[in-house]
Protein chains: 2
Amino acid sequence: MSPVSPKSLSPADRAPIRVAMLGCGTVGSEVARLLTEQAGELAARAGAPVELVGIAVRRPDKHPELPAELLTDDAAALVARDDVDVVVELVGGIDPVRSWLLTALNAGKSVVTANKALLAEYSAELFEASDASGADLYFEAAVAGAIPLLRPLRESLAGDRITRVMGIVNGTTNYILSAMDATGAGYAETLDEASRLGYAEADPTADVDGYDAASKAAILASLAFHSRVTAKDVHREGIADVTASDLAAARTLGRTVKLLAICERVTADDGTESVSARVHPVMIPRSHQLAGVGGAFNAVYVEADAAGELMFYGQGAGGAPTASAVLGDLVAVARNQVLGGRGPRESAHAALPVRPMGQTPTRYHVSLDVADRAGVLAQVAQAFAAHGVSIAAVRQRDANDTASLVVVTHLAPDAALQSTVDEIAKLDVVHDVVSVMRVEGEDA
Amino acid sequence: MSPVSPKSLSPADRAPIRVAMLGCGTVGSEVARLLTEQAGELAARAGAPVELVGIAVRRPDKHPELPAELLTDDAAALVARDDVDVVVELVGGIDPVRSWLLTALNAGKSVVTANKALLAEYSAELFEASDASGADLYFEAAVAGAIPLLRPLRESLAGDRITRVMGIVNGTTNYILSAMDATGAGYAETLDEASRLGYAEADPTADVDGYDAASKAAILASLAFHSRVTAKDVHREGIADVTASDLAAARTLGRTVKLLAICERVTADDGTESVSARVHPVMIPRSHQLAGVGGAFNAVYVEADAAGELMFYGQGAGGAPTASAVLGDLVAVARNQVLGGRGPRESAHAALPVRPMGQTPTRYHVSLDVADRAGVLAQVAQAFAAHGVSIAAVRQRDANDTASLVVVTHLAPDAALQSTVDEIAKLDVVHDVVSVMRVEGEDA
């Protein structure tokens, strides 16, 4: 008699895929819940039962809701256990998580992680370990929460040439800017309100200063352009300097302000390509689809040569949405273990260099209070021309002896635009630089 | 000396993945172009060169742009060739394509296809052949063109419970309805104009009667609910009966009309689940994101228990966009062949039954011209009540001796709503049924 072929086993009869989870906060508790409640469904989809065999938390006694026999405070020991096939990491931060995940990958244990900060800095190292042992490394939850974004970039668009990824990838800053737009209030006041309502962390630095978005931009740029881009390569400006005047100026022009992560393939005149990755506030037309993305939602545009323009929209954070992305990855890992096969590996063959921000082409909106007399426009226009910056639109409006002057430029190197603004600010005829902001999207 | 491990080979040195393409129209010529122009990139991403070894077309002499040595008019012979690893099918229709693809899959050759009609009817048969031989079956291009939608449904959301998929999946009908909305013109006139401009086929039946969208709905429902849903299971109404009055009525209510494919998980009072899949014109609020999707674009909403609401947007048709989806699948097939492993298989374990349209809960908008006298509203309201249909909103407006009466209902079984409308149409006090249409989305 021939032995039963493994293929003929039903999913429930197969050896389970054994999961160790590191961290059990908002996301982890949802992952644990879904692994239990959806056990039958997950087994059917993964091809084998997916079983939680251990959970490492800092204080096991603080988790009476979890089975005591699963809990440990020793993450390193849990990762090293022989009966662990997959490590799900939801702790966050670089150390000591980095060493835990390297240990897992080196031992051939696949990793599912939502750790954007770690990936944005050490993905090359993690991918090397994954490659050497054949273990999978999945991280859909690290960018844009529940939105399936990384798998489409890595797999669906694998045959296309992506030229641009641009989107709202941080819910806290989007909430604050939406609220400032709606109420006309200033930044500090709105941040306080957001903290009070739980939309901003007690220490909001990672969000409002753009660190979180910059990590995500690094991950997106790496995947989109098959190159290694780390968080340090990303030009980063947060929203702390966005004023009520900026939003008012935007409103006058039929625009609003969003904090965007922008990753572009830039082709120089000689045909050489580079990557630009940046995070900063941007004025976009109110008619732009990103303008309508409110509250804590995320939305990301992807442009590719053949596919054209694509948009992905959904919840960018939160326990259940992030858990959905983690479980999708977990099912993929389990399927690979049951059926054989590998998840996507690092794809950095293009190895494009990162373009410094100063050389990245951008467009500026500049709103000025100027003296209301002849020759002012000529002086301002001359400053732009002197830096080789071409003007796309000008709007002037007089009020008593001050006039307001709004200039929107064509594309120019960011450094040239910055120098122009610095020079204009020093002109005698310029009373006040009301607002300076980069613009994206068609003019209204 | 140990032999060189296959892993240490560079992609360019590996044995190529040999592709036979069936059909070479708008999409095929883009696929052929990209396979040539992006050969180096594709090899790097796939892990081996991807090489076009044959193209079957009806009339080889009509394709002077393609290398003559690749062309054949014998698709069956091409599929059977020993030097073919993957078959890309872009012919469309059921026969004889079905037998070609079964031959390929039975011989262990993976298939990438954009053939929605075939998949909507025979996917079970194709998956069985794929399963038996271990060949892959990919079909991202069959629904929503360039938009990565099927891979997220099959893989990213594999750990979640999808409750609803709803979207615009046919560009021709969306173009016509957008134009009717913008111009106020009637259906026949707008269709003529669309044909003249190339937005509608010479024979537009498959689009305007909803067959194309129904095939896509069957594919989406099967994947979303892990059940077998065929095109025959999909309730289908096209746009030929949508009138300028319907669009005018919608406009009065701050709504517009779209042809939507709607796939829902319906839970009965006793907890049993079923699947509803339908394609019909729908009134949606202008503030709804789908209302802003114009021209030939597609957009699909997905709702899942943990992920919440997701939206995918992009070009639903056209040579290059569809080719992008085909190439993504081709890279996936090639990677599986190089690294070992399998693409997703059929997932029909839930085996939910399909709910007949009559039992599917929907909401109706009914716009009537009625006699302007006392008691009319009571009679109309009584007709709804008699069928157990609860009214959500009523708007009445008088003009001379006729009044216009608009009723929007709460959810009720579609058959009950249909009977109510039939009965109302027969009332003496009802002069004309101006517009009857299902509604989705929040009330304006």
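The values are calculated or read from the model by the stated rules, or taken from the named source; none is laboratory data. All figures in this text were calculated on a predicted structure; none of them were measured in a lab. Don't worry about glycine lacking a Cβ; one is built from the backbone with ideal geometry, like all the others, and counts go over all protein chains shown. We work out accessible area using only protein heavy atoms, side chains counted, and drop any ligands, DNA or RNA first. Shrake-Rupley method; radii C 1.70, N 1.55, O 1.52, S 1.80 Å.
For region B:284-321, a residue qualifies if it is more than 16 Å from B:VAL169 (Cα to Cα), among the aliphatic types (A, V, I, L, M) and assigned to a loop (DSSP other than H, G, I, E, B), and the qualifying residues are B:ALA306, B:ALA307. For region B:16-59, the set of residues classified as small (Gly, Ala, Ser), more than 17 Å from B:VAL86 (Cα to Cα) and more than 14 Å from chain A (Cβ to nearest Cβ) consists of B:GLY25 only.
Let me confirm something: among B:THR360, B:THR256, B:THR267, B:THR252, which residue is touching a strand residue (DSSP E or B) at 6+ places or on another chain (Cβ under 6 Å), closer than 30 Å to B:VAL434 by Cβ and hydroxyl-bearing (Ser, Thr, Tyr)? Going through B:THR360, B:THR256, B:THR267, B:THR252 in turn, the sole match is B:THR360. Mind checking which residues of region A:299-310 are surrounded by 21 or more Cβ atoms within 10 Å (Cβ to Cβ), at the interface with another protein chain (Cβ under 7 Å from one of its Cβ atoms) and within 23 Å of A:LEU259 (Cα to Cα)? Of everything in region A:299-310, those that are surrounded by 21 or more Cβ atoms within 10 Å (Cβ to Cβ), at the interface with another protein chain (Cβ under 7 Å from one of its Cβ atoms) and within 23 Å of A:LEU259 (Cα to Cα) turn out to be A:ALA304, A:LEU310.
Checked against (1) open to solvent by 10 Å² or more (accessible area, probe 1.4 Å); (2) over 14 Å from B:ASN170 (Cα atoms); (3) in a loop (DSSP other than H, G, I, E, B), B:GLY238 passes all but a single condition, namely (2). The set of residues in region A:344-366 being more than 9 Å from every other protein chain (Cβ to nearest Cβ), part of a loop (DSSP other than H, G, I, E, B) and open to solvent by 10 Å² or more (accessible area, probe 1.4 Å) consists of A:GLU346, A:ALA348, A:ALA351, A:LEU352, A:PRO353, A:ARG355, A:PRO356, A:ARG363.
Checking the structure you have, find out if any residue of region A:204-221 is in a loop (DSSP other than H, G, I, E, B), open to solvent by less than 10 Å² (accessible area, probe 1.4 Å) and more than 14 Å from every other protein chain (Cβ to nearest Cβ). Within region A:204-221, one or more residues are in a loop (DSSP other than H, G, I, E, B), open to solvent by less than 10 Å² (accessible area, probe 1.4 Å) and more than 14 Å from every other protein chain (Cβ to nearest Cβ).
When region B:92-116 is limited to residues that are open to solvent by 30 Å² or more (accessible area, probe 1.4 Å) and among the basic types (Lys, Arg), the one that is nearest to the chain's Cα centre (by Cα) turns out to be B:LYS116. If I filter region A:272-282 for residues that are free of Cβ contacts under 8 Å to residues at least 60 places away in the same chain, in a loop (DSSP other than H, G, I, E, B) and either away from every other protein chain (no Cβ under 14 Å) or farther than 25 Å from A:VAL366 by Cα (or both), do I get at least one hit? The answer is yes; a qualifying residue exists.
When restricted to residues that are under 21 Å from B:ARG438 (Cα atoms) and in contact with a Lys or Arg (Cβ under 6 Å, 6 or more places away or on another chain), region B:206-233 contains 4.
Among the residues of region B:417-444, those that are open to solvent by 20 Å² or more (accessible area, probe 1.4 Å) and either assigned to a strand (DSSP E or B) or in contact with a Gly (Cβ under 6 Å, 6 or more places away or on another chain) (or both) comprise B:HIS431, B:ASP432, B:VAL433, B:VAL434, B:VAL436, B:ALA444. Across region B:311-343, the qualifying residues are those that are more than 8 Å from chain A (Cβ to nearest Cβ) and closer than 30 Å to B:SER274 by Cβ, and the one among them that is surrounded by the most Cβ atoms within 10 Å (Cβ to Cβ) is B:GLY316.
Flag not set for B:ASP414, criterion: over 14 Å from B:PRO361 (Cα atoms) and either assigned by TED's automatic domain parsing to the domain that holds B:GLU237 or not hydrophobic (A, V, I, L, M, F, W, C) (or both). Step by step: first the residues of region B:117-141, then only those that are under 22 Å from B:ARG265 (Cα atoms) and crowded, with 21+ Cβ neighbours inside 10 Å, then the one that is farthest from the other protein chains (Cβ to nearest Cβ). Which residue is that? My answer is B:ALA120.
Selection over region B:142-162 of residues that are more than 12 Å from B:LEU220 (Cα to Cα) and either assigned to a loop (DSSP other than H, G, I, E, B) or more than 7 Å from chain A (Cβ to nearest Cβ) (or both) gives a count of 9.
Of the residues making up region B:267-292, those that are hydrophobic (A, V, I, L, M, F, W, C) and buried (at least 17 other Cβ atoms within 10 Å of the Cβ) are B:VAL275, B:ALA277, B:VAL279, B:VAL282, B:MET283, B:ILE284, B:LEU290, B:ALA291. Taking the numbered list (1) open to solvent by 40 Å² or more (accessible area, probe 1.4 Å); (2) assigned to a strand (DSSP E or B) in turn, A:GLN379 passes all entries but (2).
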